[in-house]
Amino acid sequence: MEKLSIDLERLRCFLAVAEEGHFRRAAERLERTQPPVSMAVKKLEEALGVQLLERSTRSVRLTPAGLALQEKGAALMEQVARTARHVRRVGDGLEGTIAMGFVGAAMTLGLPTLIAQFHEAMPDVLLVLDELPSQTLVRRLLNGQLDLAFLRGEPPDPLDYKPFREENYWLAIPANDPLASQKQVALSELNQTPILFFPRAFQPDIYDEWILAFHRAGVTPNFVQEIRSLGAEMGLVAAGVGSAFVTESVTKQARAGVSYRPLTGDVPRVEVNVAWHPDRFSETAGQFVALMP
């Protein structure tokens with residue numbers, strides 16, 4: 001099968017001649033002299049193996065092949081221009097896709113507001129979001145499946161990161177529980193309290209940190225139900241199944257049947273950082289991180 005190629009610069013010269021109907025006017029439009037324009041069109045005809053123009057001393061006229069190339073060529077040049085604009089915008093971080101993972105706590109610590117700000121500033125960038133445990137987020141950053149990840153604690157080398165939010169834990173309590181009558185609750189008071197907690201496989205490091213905190217407080221935790229999502233957790237607290245540890249930001253959202261109290265004692269803090277692989281940190285991802293204070 002014969003292979004044909006069209007030089008874009010020759011095509012540009014041909015289209016100018018086709019629209020102007022004259023080599024001199026086409027050359028003036030292209031800000032060139034006439035001989036190079038004439039040569040470019042001749043070389044294009046030779047490459048395609050067809051005559052595109054019928055020439056006279058005063059003007060030129062398109063052949064049927066020339067008319068066909070004028071129609072298709074104009075569309076091709078517009079597509080090339082659109083592609084060039086798209087490539088430049090992607091290179092500048094103004095278009096493209098960001099694969100972003102996050103732990104659930106990031107959503108209560110202000111990630112939705114940050115996403116809304118990014119959408120307003122960069123409407124042509126698509127965010128692909130996925131909620132995952134921190135260990136999975138780290139693994140996907142390392143193997144290139146994610147561009148950014150909002151995860152608990154500091155990520156391992158070679159990942160880079162920037163602090164996002166850090167908050168205290170509060171206790172979400174069923175409204176009719178005696179603990180709800182207190183202004184604050186100490187961790188040491190929770191020895192017999194039914195607690196809703198996440199499974200260890202979900203966040204092993206954070207789970208072990210809490211177990212150590214319970215041990216220091218002399219408490220044997222009474223985990224009555226494993227929960228992975230905040231919505232389900234709050235529903236069960238409201239139903240009186242047990243209490244749960246939530247970030248301080250969650251307490252700003254009133255919910256019927258739930259009371260929130262500050263949690264005191266030697267307890268963990270919620271620390272979320274945004275991480276990325278330095279070898280795969282795109283301009284687009286950089287635009288997102290730059291929005292963070």
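Considering only the stretch 218-233, I want to know if a residue exists there that is surrounded by 17 or more Cβ atoms within 10 Å (Cβ to Cβ), closer than 30 Å to GLY144 by Cβ and in contact with a Ser or Thr (Cβ under 9 Å, 6 or more places away or on another chain).
Checking the stretch 218-233: at least one residue is surrounded by 17 or more Cβ atoms within 10 Å (Cβ to Cβ), closer than 30 Å to GLY144 by Cβ and in contact with a Ser or Thr (Cβ under 9 Å, 6 or more places away or on another chain).
Keeping to the stretch 1-43, report how many residues are within 44 Å of the chain's Cα centre (by Cα) and not charged (D, E, K, R).
Final tally of qualifying residues: 11.
Which ranges mark the helices (runs of 4 or more DSSP H) fully within the stretch 37-132 that have 1 or more residues being without any contact (Cβ under 8 Å) to a residue 12 or more places away in the chain and either surrounded by fewer than 16 Cβ atoms within 10 Å (Cβ to Cβ) or not charged (D, E, K, R) (or both)?
By residue number, 64-91, 111-121.
Among the residues of the stretch 204-212, are any free of Cβ contacts under 8 Å to residues at least 12 places away in the same chain and either of a type in the set (D, E, K, R) or farther than 24 Å from GLY153 by Cα (or both)? If you could, list the steps in order and put the result at the bottom.
The first filter runs over the stretch 204-212 and keeps only residues free of Cβ contacts under 8 Å to residues at least 12 places away in the same chain, leaving 207-208, 211-212.
Now narrow it down to the ones that are either of a type in the set (D, E, K, R) or farther than 24 Å from GLY153 by Cα (or both): 208.
Taking every residue of the stretch 204-212 in turn, at least one turns out to be free of Cβ contacts under 8 Å to residues at least 12 places away in the same chain and either of a type in the set (D, E, K, R) or farther than 24 Å from GLY153 by Cα (or both).
Tally up the residues in the stretch 133-153 that are touching a residue at least 12 places away in the same chain (Cβ under 8 Å) and among the basic types (Lys, Arg), please.
Within the stretch 133-153, residues that are touching a residue at least 12 places away in the same chain (Cβ under 8 Å) and among the basic types (Lys, Arg) number 2.
Would you be able to say whether some residue in the stretch 187-194 is within 36 Å of the chain's Cα centre (by Cα), open to solvent by 60 Å² or more (accessible area, probe 1.4 Å) and without any contact (Cβ under 8 Å) to a residue 40 or more places away in the chain?
No, the stretch 187-194 contains no residue that is within 36 Å of the chain's Cα centre (by Cα), open to solvent by 60 Å² or more (accessible area, probe 1.4 Å) and without any contact (Cβ under 8 Å) to a residue 40 or more places away in the chain.
Restricting the stretch 182-217 to residues that are modelled with pLDDT of 95 or more and small (Gly, Ala, Ser), which is nearest to GLY104 (Cα to Cα)?
Ranking the qualifying residues of the stretch 182-217, first place goes to ALA213.
Are any residues in the stretch 134-173 in a helix (DSSP H, G or I), of a type in the set (A, V, I, L, M) and buried (at least 24 other Cβ atoms within 10 Å of the Cβ), and if so, which ones? Break it down into steps so the answer makes sense when it comes.
In the first step, residues of the stretch 134-173 are kept if they are in a helix (DSSP H, G or I); the result is 134-142.
Imposing the further condition that a residue be of a type in the set (A, V, I, L, M) reduces the set to 137-138, 141-142.
If the condition is that a residue be in a helix (DSSP H, G or I), of a type in the set (A, V, I, L, M) and buried (at least 24 other Cβ atoms within 10 Å of the Cβ), then LEU137, LEU141 are the ones that fit.
Can you list residue pairs whose Cβ atoms sit under 8 Å apart, with the first residue in the stretch 13-25 being more than 7 Å from VAL37 (Cβ to Cβ) and in contact (Cβ under 8 Å) with a residue 60 or more places away in the chain and the second being surrounded by fewer than 19 Cβ atoms within 10 Å (Cβ to Cβ) and of a type outside the set (D, E, K, R)? Count only pairs 6 or more apart in sequence or on different chains.
Going by the 8 Å Cβ cut-off, the qualifying pairs are LEU15/GLN70; LEU15/ALA74; LEU15/MET77.
Tell me, yes or no, whether the stretch 268-281 has at least one residue that is within 30 Å of HIS86 (Cα to Cα), open to solvent by 20 Å² or more (accessible area, probe 1.4 Å) and out of contact with any strand residue (DSSP E or B) (no Cβ under 9 Å at 6 or more places or on another chain).
Scanning the stretch 268-281, I find at least one residue that is within 30 Å of HIS86 (Cα to Cα), open to solvent by 20 Å² or more (accessible area, probe 1.4 Å) and out of contact with any strand residue (DSSP E or B) (no Cβ under 9 Å at 6 or more places or on another chain), so the answer is yes.
The values are calculated or read from the model by the stated rules, or taken from the named source; none is laboratory data. Small disclaimer: the values here were computed from a predicted structure and weren't measured. Every residue, glycine as well, gets a Cβ built from its backbone with ideal geometry; the counts of neighbours run over all protein chains shown. Areas reflect the complete protein model, heavy atoms only, side chains present, ligands, DNA and RNA absent. Shrake-Rupley method; radii C 1.70, N 1.55, O 1.52, S 1.80 Å.
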